[in-house]
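Colleague: Can you keep this structure in mind? I'll have questions shortly.
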Amino acid sequence: MEKYTGLAITSLDEFVFGRCPRPLKVGRGLVLGDGTVYPELNFTLPPMHIDAGTMVDVRREYTGMIDQACARAVALQVPGLVVEFELLPDLTLEPEWGAEVTALLRQTLDRYAASDGLANALRVTPNDIREFVRPPVLREGDKWDRMVSSFELCAQAGADLLSIESTGGKELHDDALLNADLAGSVFALGVLAARDMGYLWDMIVGVAAGHGALAAGDSACGFGNTAMALADTRHIPKVWAAVVRVMTVPRSLVAYERGALGPGKDCAYENVYLKAITGHPMAMEGAEAACAHLSPLGNIAKATADLWSNESVQNIKLLGGMAPTVSMEQLAYATRLLNQAAQAGGATTLRDWLVGSDMDKDPQAYVLRPDVVLKLAAAIVAEPTAYLRTRRAALAVLEALRQGHAEKEFSLSKPEANWLDRLSAQAEDLPEDEGRFIEEMVAGADRDKVRFDQYGLDV
Amino acid sequence: MTTIDELREAVVDGQAKVAVAKVGEGLAEGTEAGTLLRDGLIAGMGQVGQLYEEGEIFVPEMLVAARAMAAALKVLKPYLVEQGVKSNGKVAIGTTQGDLHDIGKNLVAMMLEGSGYEIVDLGVDVPADKFVQAVREGANVVAMSALLTTTMTNMQATIEALRDAGLRDQVRIIVGGAPITKTYADEIGADGYAEDASSAVRLVKEVLAV
């Protein structure tokens, strides 16, 4: 187990898109983080029901999506391509179905590699179906067995990279988010989610090793992006979403300490921090993911990306073709510009423009500013445990936000600014003693919502 | 300032203990339970909703207010029952079968409750027959949400199940969620579509007025 205690990237000059200290060979001819940013395309089904009777239609949809997208990638001469197949719940609940689709995607990618020299890799992301049971049963039972089987069968069927958007801890974090309960969020992320990540990623790393795949990385989507979506719709303060984003870092770092090698999953905006800490290549998403969701991070997320993704798009017809094909084209041009800038010696200039265009408009963008990331990441990783790292993340990001706001690096409405003080007061109350913190949080927890034994906690 | 004014203010400020005390005072003064509910609690939450719509507060502040209202309502409930005061409506709410994304659904439930509706929260991954059962037990609104393109289709299955059970005419159905549109709501025979939690409250009021 690799224990991170410092940063792999310490200089701002080295913290740029397309390059990382630990480049990764993967799939058919790709090297990630070695100077080129590649597109990562994700697609999903149009509105339709999935069952045994419609699987023939499901296969037809995926066959069409991958074939047309690869043809567009070849037409636009992309230097390489990663395709992500994010399994829908039904395709994980029936592991054979997910594996069937994995196999057909892999066959098409193999064909384009052979016929057109398209360097490529296939990332497969089973759904975290453990939360179908409430409170979630995370380490045993039918859903766990099916999810493990999904990883195994998809790896056998040709997945090059294995990922997940795991949800351990989310059963308490949702309420913490809506209540702006910082201690609740720290407990869910730094105590529960971190423990679940350890257990889960030991399994994923084992499956990957047994089937010639690579364990890639997780995403705190259900935590950080839920916060971002709630902030975008003005349900919660943006400063709270920014704090949560940074607090997800220790939780997602656990995957790499257990053996994940990257590329981190696209929707994990915490990947900027994880790249700085681990040196592994990271996928990111932003402007070209507008087909999936709004984000205030469209350009700044691109600044340090090694793969650039569209997050997900439904297979529906647009004037330019089917939506995944259109996404493929958008990603091809977005990455072409990044690579051109790098070849012309302008990578850091373009990076700074990408950063500068977003950073003053939203505190969530500010906390992704590369120099802010290096400072906060160093403070986080200097702590020895996931809890203390999450506590430090809260304290450090709030200090950075207060300073940034005072120096007018970004602006906040008055109701937003008030939350800086309220959240800081909560963060300062977090004890250093994890045992005491757990005791306090367990005492106030709703036992109908969570099973602590599923986190290895004997409380 | 009257006791009802103080009750309303306690709800807006999220002061549960004060709200409970003011309900007690109001009852002792002989104010009808229905008046305390309508002009104190629901009006207070209405004011909170207004502040939220204007961007002055966020959901965390609304939840504090909602908890104050809930605490006061607990004290008031036996008197409401005794005086035959009914809720504005009974809403059965849940995410469709196969869908686990419930934050939006929870927000809608919270805001409806604050507006005086009785909520039957069916949770997540709710099969059609549970919605049917809830309507049999008196729900006059069914509210469904879905976030996935492959689970939104189960909304139609629920509407068909309500039709098959002969209950469609006695219930209003509203839908929402990221992939849902007004067009889709119309196509599957729902009575309305709401884009967010605030508009869901307005929509419930509208569909029940029809």
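The values are calculated or read from the model by the stated rules, or taken from the named source; none is laboratory data. Given the structure is predicted, the values throughout are model-derived calculations rather than measurements. Because the Cβ atoms are built from the backbone with ideal geometry, glycine has one as well, and the counts that use them run over all protein chains shown. Only protein heavy atoms, including side chains, enter the accessible area calculation; ligands, DNA and RNA are left aside. Shrake-Rupley method; radii C 1.70, N 1.55, O 1.52, S 1.80 Å.
Colleague: Taking the criterion of being open to solvent by 10 Å² or more (accessible area, probe 1.4 Å), within 13 Å of chain B (Cβ to nearest Cβ) and more than 16 Å from the chain's Cα centre (by Cα), would at least one residue in the range A:293-309 satisfy it?
Modeller: For the range A:293-309, residues open to solvent by 10 Å² or more (accessible area, probe 1.4 Å), within 13 Å of chain B (Cβ to nearest Cβ) and more than 16 Å from the chain's Cα centre (by Cα): absent.
Colleague: Among the candidates B:148, B:167, which residue alone is hydrophobic (A, V, I, L, M, F, W, C), outside the structural domain of residue B:67 (by TED's automatic domain parsing) and more than 21 Å from residue B:102 (Cβ to Cβ)?
Modeller: On inspection, the qualifying residue turns out to be B:167.
Colleague: For the range B:162-172, what are the residues that are open to solvent by 10 Å² or more (accessible area, probe 1.4 Å) and either part of a loop (DSSP other than H, G, I, E, B) or among the charged types (D, E, K, R) (or both)?
Modeller: Within the range B:162-172, B:163, B:164, B:165, B:166, B:167, B:168, B:169, B:172 qualify.
Colleague: Here's another thing I want to ask about it. For residue B:24, work out the one condition from (1) over 18 Å from the mean Cα position of the chain (by Cα); (2) part of a helix (DSSP H, G or I); (3) within 14 Å of chain A (Cβ to nearest Cβ) it doesn't fulfil.
Modeller: Only one criterion in (1) over 18 Å from the mean Cα position of the chain (by Cα); (2) part of a helix (DSSP H, G or I); (3) within 14 Å of chain A (Cβ to nearest Cβ) is unmet by residue B:24, namely (3).
Colleague: Here is a list: A:371, A:433. Which entry is open to solvent by 60 Å² or more (accessible area, probe 1.4 Å) and touching a helix residue (DSSP H, G or I) at 6+ places or on another chain (Cβ under 8 Å)?
Modeller: A:371
Colleague: Could you tell me how many of the residues in the range A:128-145 are in a helix (DSSP H, G or I), open to solvent by 10 Å² or more (accessible area, probe 1.4 Å) and within 11 Å of chain B (Cβ to nearest Cβ)?
Modeller: 2
Colleague: Take the residues in the range A:400-430 that are farther than 15 Å from residue A:187 by Cα and among the polar types (S, T, N, Q), then tell me which one is least open to solvent (accessible area, probe 1.4 Å).
Modeller: The residue in question is A:424.
Colleague: Still on this structure: What about residue A:196, is it at negative phi and open to solvent by 30 Å² or more (accessible area, probe 1.4 Å)?
Modeller: no
Colleague: Then there is this: Give me a count of the residues in the range A:423-437 that are within 28 Å of the chain's Cα centre (by Cα), of a type outside the set (Asp, Glu) and assigned to a helix (DSSP H, G or I).
Modeller: Of the residues in that region, 5 qualify.
Colleague: Return the residue satisfying two criteria in turn: it lies in the range A:313-328 and is of a type in the set (A, V, I, L, M), more than 14 Å from every other protein chain (Cβ to nearest Cβ) and open to solvent by 10 Å² or more (accessible area, probe 1.4 Å), and of such residues it is farthest from the chain's Cα centre (by Cα).
Modeller: Initial filter on the range A:313-328 (of a type in the set (A, V, I, L, M)): A:313, A:316, A:318-319, A:322-323, A:326, A:328.
From what's left, more than 14 Å from every other protein chain (Cβ to nearest Cβ): A:318-319, A:322, A:326, A:328.
Next cut, open to solvent by 10 Å² or more (accessible area, probe 1.4 Å) only: A:318-319, A:322, A:326.
On the way: A:318: 28, A:319: 30, A:322: 25, A:326: 23 Å.
Per the stated criteria, the residue is A:319.
Colleague: Examine the range A:31-38 for a residue that is under 16 Å from residue A:260 (Cβ atoms) and assigned to a loop (DSSP other than H, G, I, E, B), and state whether such a residue exists.
Modeller: no
Colleague: Quick check: anything in the range B:29-37 outside any helix (DSSP H, G or I) and either among the charged types (D, E, K, R) or closer than 21 Å to residue A:179 by Cα (or both)?
Modeller: Looking through the range B:29-37, at least one residue is outside any helix (DSSP H, G or I) and either among the charged types (D, E, K, R) or closer than 21 Å to residue A:179 by Cα (or both).
Colleague: Based on this model, can you work out whether residue A:48 counts as part of a helix (DSSP H, G or I), in contact with a helix residue (DSSP H, G or I) (Cβ under 7 Å, 6 or more places away or on another chain) and over 29 Å from residue A:198 (Cβ atoms)?
Modeller: no
Colleague: Any residue in the range A:34-45 that's closer than 18 Å to residue A:313 by Cβ: show its pairings with residues that are of a type in the set (Lys, Arg) at Cβ separation under 8 Å, as long as the two are six or more apart or on different chains.
Modeller: Taking only residues 6 or more apart or on different chains, the pairs are A:40/A:123.
Colleague: Taking into account only those residues within the range A:146-165 that are of a type in the set (Ser, Thr, Tyr) and crowded, with 24+ Cβ neighbours inside 10 Å, which is nearest to residue A:123 (Cα to Cα)?
Modeller: Filtering the range A:146-165 for residues that are of a type in the set (Ser, Thr, Tyr) and crowded, with 24+ Cβ neighbours inside 10 Å, the one nearest to residue A:123 (Cα to Cα) comes out as A:163.
Colleague: Now for a separate question. Given the range B:83-161, what strands (runs of 3 or more DSSP E) lie entirely inside it while holding 2 or more residues that are open to solvent by less than 30 Å² (accessible area, probe 1.4 Å) and within 14 Å of chain A (Cβ to nearest Cβ)? Don't jump to the end; show me each part of the working.
Modeller: Working: elements: B:90-96, B:118-126, B:141-145.
Qualifying strands (runs of 3 or more DSSP E): B:90-96, B:118-126.
Colleague: Mind checking which residues of the range A:400-422 are within 14 Å of chain B (Cβ to nearest Cβ) and outside any helix (DSSP H, G or I)?
Modeller: A:412, A:413
Colleague: When you scan the range B:73-82, do you find a residue that is in a loop (DSSP other than H, G, I, E, B) and open to solvent by 20 Å² or more (accessible area, probe 1.4 Å), even just one?
Modeller: The answer is no, given that none of the residues of the range B:73-82 is in a loop (DSSP other than H, G, I, E, B) and open to solvent by 20 Å² or more (accessible area, probe 1.4 Å).
Colleague: Let me ask something else. Filter the range B:38-88 down to the residues that are in contact with a Phe, Trp or Tyr (Cβ under 9 Å, 6 or more places away or on another chain) and farther than 30 Å from residue A:419 by Cα and list them by number. Steps first, answer last, please.
Modeller: Kept after step one, since they are in contact with a Phe, Trp or Tyr (Cβ under 9 Å, 6 or more places away or on another chain), are these residues of the range B:38-88: B:52, B:58-62, B:85, B:87-88.
Scanning the range B:38-88 gives B:85, B:87, B:88.
Colleague: Which count do you get for residues in the range A:355-399 that are assigned to a loop (DSSP other than H, G, I, E, B) and closer than 27 Å to residue A:434 by Cβ?
Modeller: At the first step, the residues of the range A:355-399 found to be assigned to a loop (DSSP other than H, G, I, E, B) are A:359-362, A:367-369, A:382-385.
Within this subset, residues satisfying the condition of being closer than 27 Å to residue A:434 by Cβ are A:367, A:382-385.
Residues flagged as assigned to a loop (DSSP other than H, G, I, E, B) and closer than 27 Å to residue A:434 by Cβ within the range A:355-399 amount to 5.
Colleague: Looking at (1) modelled with pLDDT of 95 or more; (2) buried (at least 17 other Cβ atoms within 10 Å of the Cβ); (3) within 14 Å of chain A (Cβ to nearest Cβ), which is the one condition that is false for residue B:187?
Modeller: All conditions pass for residue B:187, except number (2).
Colleague: Can you go through B:9, B:56 and tell me which one is assigned to a helix (DSSP H, G or I) and acidic (Asp, Glu)?
Modeller: Going through B:9, B:56 in turn, just one is assigned to a helix (DSSP H, G or I) and acidic (Asp, Glu): B:9.
Colleague: Now, a different point. Go through the range B:51-67 and give me each residue that's more than 16 Å from the chain's Cα centre (by Cα) and modelled with pLDDT of 90 or more.
Modeller: Once the filter is applied, which keeps residues that are more than 16 Å from the chain's Cα centre (by Cα) and modelled with pLDDT of 90 or more, the range B:51-67 yields B:51, B:52, B:54, B:55, B:56, B:57, B:58, B:60, B:61, B:64.
Colleague: In the range A:243-270, which residues are more than 14 Å from chain B (Cβ to nearest Cβ) and assigned to a helix (DSSP H, G or I)?
Modeller: Within the range A:243-270, A:245, A:246, A:247, A:249, A:250, A:251, A:252, A:253, A:254, A:255, A:256, A:257 qualify.
Colleague: Out of all the residues in the range A:31-51, which are within 14 Å of chain B (Cβ to nearest Cβ) and surrounded by fewer than 24 Cβ atoms within 10 Å (Cβ to Cβ)?
Modeller: Those that are within 14 Å of chain B (Cβ to nearest Cβ) and surrounded by fewer than 24 Cβ atoms within 10 Å (Cβ to Cβ): A:44, A:45, A:46, A:47, A:48, A:49, A:50, A:51.
Colleague: Scan the range A:222-252 for residues that are more than 26 Å from residue A:418 (Cα to Cα) and either surrounded by fewer than 23 Cβ atoms within 10 Å (Cβ to Cβ) or in contact with a strand residue (DSSP E or B) (Cβ under 6 Å, 6 or more places away or on another chain) (or both) and jot them down.
Modeller: A:252
Colleague: Quick one: which residue in A:92, A:102, A:54, A:125 is within 14 Å of chain B (Cβ to nearest Cβ), among the β-branched types (Val, Ile, Thr) and in contact (Cβ under 8 Å) with a residue 24 or more places away in the chain? Give the steps one after another, and end with the answer.
Modeller: Numbers: A:102 fails: within 14 Å of chain B (Cβ to nearest Cβ); A:54 fails: in contact (Cβ under 8 Å) with a residue 24 or more places away in the chain; A:125 fails: within 14 Å of chain B (Cβ to nearest Cβ).
Being within 14 Å of chain B (Cβ to nearest Cβ), among the β-branched types (Val, Ile, Thr) and in contact (Cβ under 8 Å) with a residue 24 or more places away in the chain holds for just one of A:92, A:102, A:54, A:125, which is A:92.
Colleague: Among A:443, A:396, which is the only one that is touching a helix residue (DSSP H, G or I) at 6+ places or on another chain (Cβ under 8 Å) and closer than 27 Å to residue A:172 by Cα?
Modeller: So the residue among A:443, A:396 that is touching a helix residue (DSSP H, G or I) at 6+ places or on another chain (Cβ under 8 Å) and closer than 27 Å to residue A:172 by Cα is A:396.
Colleague: Among the residues of the range A:167-175, is there at least one that is of a type in the set (S, T, N, Q), at pLDDT 95 or above, crowded, with 21+ Cβ neighbours inside 10 Å and not in a helix (DSSP H, G or I)?
Modeller: Yes, the range A:167-175 contains at least one residue that is of a type in the set (S, T, N, Q), at pLDDT 95 or above, crowded, with 21+ Cβ neighbours inside 10 Å and not in a helix (DSSP H, G or I).
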